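Report on one structure; see the data block that follows.
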Amino acid sequence: MSPTAWYARPVFFVADLARALRFYVDQLGFEKRWHEGDGAGTVCQVERGGCEIILCQDAARPDRGRVFISLTPEGLAALRAECARGAVPTEDLWWGYDCLRILDPDGNELLFPQPDSR
């Protein structure tokens, strides 16, 4: 990595880490990369295709996060098909451009811009 390169990961606050992990791993196909406390802690990271998200259990935090994830047209079509097969609710919306939105169980948003509308 270049000494001037920036590396960033969003932190999504969740009320129940086990529930959030089931959603991200079992429904969206992420892999758990690390989990503090040897798997017994309240913070972990999931990753899929280079997209890393830190999940932090804190039921007292009402804030919600949002991340924009860019995919190729084929990647977005494959994600739509996966969501349909897995009964993951999605929504098409406008957020400066056409996007596919997936809400996690705590209301955090994953927004996937339509490749032809950016």
For the stretch 1-44, average projected area of the Cα convex hull in nm²: 4.2 nm²
Coil-residue chymotrypsin sites (Phe, Trp or Tyr not before Pro) of the stretch 19-116, DSSP, other Cβ within 10 Å capped at 15: Trp95, Tyr97
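What is the magnitude of the charge dipole of the stretch 55-110 about its Cα centre, with +1 placed on the Cβ of each Lys and Arg, -1 on the Cβ of each Asp and Glu, and no other charges, expressed in debye to the nearest 20?
Values: 6 positive and 10 negative charges, 6 e Å.
So the magnitude is around 20 debye.
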Relative contact order, percent, the chain [alpha-carbon distance under 8 Å, six or more residues apart]: 25 percent
Portion, in percent, of the accessible area of the stretch 43-97 that falls on carbon or sulfur, probe 1.4 Å: 56 percent
Cα-centred dipole magnitude for the chain, charges only on beta-carbon of K, R (+1) and D, E (-1), debye, nearest 20: 40 debye
Per-pair calculated FRET efficiency, R0 = 25 Å: Arg64 and Arg9 via Cβ, rounded to 0.05: 0.90
Residue of Gly65, Gly107, Gly50 that the Gaussian network model of the chain assigns the largest fluctuation, springs spanning Cα pairs under 10 Å: Gly50
Structure-derived Kirkwood radius over Cα pairs in Å: which label, when the choices are (i) 14.1; (ii) 14.8; (iii) 15.1: (iii)
Sparse-neighbour loop sites [GluC sites (Glu not before Pro); the stretch 1-90; at most 14 other C-beta within 10 Å; DSSP]: Glu36
Helix-only mean residue ellipticity at 222 nm for the chain, each DSSP H run of n ≥ 4 adding -39500 (n - 2.57), per residue, nearest 500: -4500 deg cm²/dmol
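The values are calculated or read from the model by the stated rules, or taken from the named source; none is laboratory data. All figures in this text were calculated on a predicted structure; none of them were measured in a lab. Virtual Cβ from ideal backbone geometry, glycine too; neighbours counted across all protein chains shown. Each accessible area value is taken on the protein alone, full model and side chains, heavy atoms only, with ligands, DNA and RNA left out. Shrake-Rupley method; radii C 1.70, N 1.55, O 1.52, S 1.80 Å.
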